Amino acid sequence: MEDAVNVPTAGSSGQVVVAGAGYAGLHIALRLTAKLRSHRRLMLTLVDRHDYHQVITELPRVAGGTRAADAVRVPLQDVLHERVRFVQAEINGFDLAGRRLLTGAGPVGWGRLVLALGSRPNDFAIPGLAERTLSLYSASDAERVWAAVSQALAAAAAASDPERQRRLATVVVGGGGATGVELAGELADVLPELASQHGLAADRPAVLLIEAGPTILAGSSAQLIDKAARILSDLGVQVAVNATIAAATADGFRLADGSLVEGGVFVWAGGVKAPELVADSELPTGHNGRVKVDRYLRVLDHPEIYVAGDLASVTDPRTGHVLPPLAQVALEEGETVARNLDAERSGRPLEEFTFHDKGFVVSVGTRRGVADIAGITTGGRSAHLLKDAIEWEYRQSVRHLRGWDPVAR
Ligand SMILES: Cc1cc2nc3c(=O)[nH]c(=O)nc-3n(C[C@H](O)[C@H](O)[C@H](O)COP(=O)(O)OP(=O)(O)OC[C@H]3O[C@@H](n4cnc5c(N)ncnc54)[C@H](O)[C@@H]3O)c2cc1C
């Protein structure tokens with residue numbers, strides 16, 4: 001690990017800089033580590049604002065108090081080889097002509113740059129949303145949600161007016177995609193017990209899930225949606241579809257039909273967009289500010305820059321749609337970028353990116369879930385166990401890739 005000031009600022013051709021140590025960026029760094037021995041002149045630098053990797057797919061559990069925040073922060077020094085330079089710094093911009101990443105710790109020159117900066121919550125310019133709601137995109141966010149829920153229940157327990165008590169003990173989740181469903185289910189499962197600990201009746205807390213579209217889990221099969229809706233209903237989650245949030249006010253969510261949704265805690269899980277610094281750059285961007293790439297995952301007109309993960313705008317030729325911001329997509333794109341960086345150094349042809357969909361799994365509550373795998377839809381305990389297995393396998397893969405490193409310490 002070293003400071004940016006010690007990293008060469010002129011982008012030498014052997015200098016590969018990976019911006020972002022999330023699913024895509026860490027995977028690329030781990031994969032390329034294995035090439036450091038065969039490519040002696042290859043220098044690999046990983047830049048992130050944090051000195052840990054976040055297992056974002058497990059955040060709903062942290063927000064529901066069933067997992068510690070530190071359990072989803074993987075220290076990078078535990079997984080990176082000593083020959084990988086790690087620079088902990090905020091990335092503020094790009095000097096494309098000078099091939100330099102501009103960071104709070106100084107410029108970092110690249111020969112090849114990989115952008116893997118993930119997403120930010122998208123408030124769709126809904127008034128008051130960014131200021132008045134919590135989000136769920138980091139371990140710290142998830143800790144804040146759990147703390148807010150605990151505080152709201154404590155305040156509800158102290159309130160004498162039943163109406164006020166009910167309002168304070170209500171958690172409102174905006175956005176019925178996978179994140180919103182997972183969060184609502186997790187909270188609905190744990191809140192009765194938490195309420196009892198605060199001396200509140202177990203049936204006093206409520207969880208509302210507000211979705212603007214006609215269905216939760218949009219884009220999933222009708223069977224999967226039906227199974228998820230049944231589990232949510234069983235957990236007591238009140239789901240409102242076709243309910244567009246027009247504004248977040250001091251009193252609650254004001255819906256487009258004029259009605260007010262009151263609560264004690266408001267969380268926004270309604271979508272993501274690319275980080276602002278990308279929008280402010282000269283990189284070609286498309287839907288939600290994601291960067292347009294060619295079939296090898298190189299930025300259009302910038303073949304020296306690759307993009308992987310949520311930040312890449314990649315159209316699936318089979319559906320004609322841009323691939324969704326998912327960890328499994330980020331990992332597959334990371335794999336292709338790592339192979340292409342190696343191919344460039346070895347003089348092999350580049351590989352086109354093809355997405356191999358492994359299926360879709362969503363946990364709904366602490367014990368149940370829904371899954372669509374190879375056209376078969378399941379719901380219940382088995383789907384939750386599958387989600388557990390995927391998370392376990394991911395954590396193993398981080399160690400496994402490091403363990404495979406031929407130059408391992
Ligand atoms: C709550 C939640 C649950 C999810 N569950 C699932 C799931 O079950 N299955 C699934 O497939 N997907 C899931 N996703 C989506 C998945 O987490 C993302 O698709 C995935 O994290 C994208 O990987 P990435 O590498 O593009 O970005 P990230 O993993 O977000 O990594 C981006 C990295 O860039 C760093 N970074 C960003 N900007 C800067 C900057 N300016 N300076 C320095 N560093 C910076 C960040 O610190 C971070 O380490 C979930 C998302 C959320 C929010």
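Values in this text are rule-based calculations from the coordinates and carry no lab data. Source: prediction; values computed, not measured. Heads up, the Cβs are rebuilt from the backbone with ideal geometry, glycines too, and the neighbour counts pull from every protein chain shown.
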Over the chain: Kirkwood hydrodynamic radius from C-alpha pairwise inverse distances, Å: 22.4
Ellipsoid semi-axes in whole angstrom, largest first, where each is sqrt(5λ) of the Cα gyration tensor of the stretch 217-262: 26, 13, 7
Among 60, 192, 214, residue whose mean-square fluctuation peaks in a GNM of the chain (springs only between Cα atoms under 10 Å): 214
Cβ-defined net charge surrounding residue 295, 10 Å radius [Lys, Arg +1; Asp, Glu -1]: -2
Taking 281, 135 and counting other C-beta atoms within 10 Å, the order from fewest to most: 281, 135
Reachable lysines, given that their alpha-carbon falls under 21 Å from the alpha-carbon of residue 227 and they are not under 8 places away in the same chain: 358, 387
Qualifying GluC sites (Glu not before Pro) for the stretch 296-363 [loop in DSSP, other Cβ within 10 Å: at most 12]: 352
Sum of side-chain charges, residue 385 neighbourhood, beta-carbon under 13 Å (Lys, Arg +1; Asp, Glu -1): +1
Fraction of beta bridges assigned by DSSP in the chain that are antiparallel (%, nearest 5): 50
Taking N as its residue count, the alpha carbon Rg of the stretch 116-205 over 2.2 N^0.38 Å: 1.19
Helix-only mean residue ellipticity at 222 nm for the chain, each DSSP H run of n ≥ 4 adding -39500 (n - 2.57), per residue, nearest 500: -10000 deg cm²/dmol
Dipole of the chain, positive end: most advanced residue of 89, 68, 336 [Cβ charges, Cα centre]: 336
³J(HN,Hα) computed for each position of the stretch 250-255 - Karplus, 6.51 cos²θ - 1.76 cosθ + 1.60, integer Hz, glycine/proline x: 5, 8, x, 7, 8, 8
For the stretch 232-245, Karplus couplings with θ = phi - 60° (6.51, -1.76, 1.60), whole Hz, Gly/Pro x: 4, 4, 4, 7, x, 6, 8, 9, 10, 9, 6, 10, 8, 7
Measure of compaction for the stretch 1-142 (Cα Rg per 2.2 N^0.38 Å): 1.15
The stretch 209-226 - phi-based ³J(HN,Hα) in whole Hz, Karplus 6.51/-1.76/1.60, Gly and Pro as x: 10, 10, 10, 6, x, x, 8, 6, 6, 3, x, 8, 5, 4, 5, 5, 4, 5
Sequence of 273, 227 once ranked by neighbouring C-beta atoms within 10 Å, starting from the fewest: 273, 227
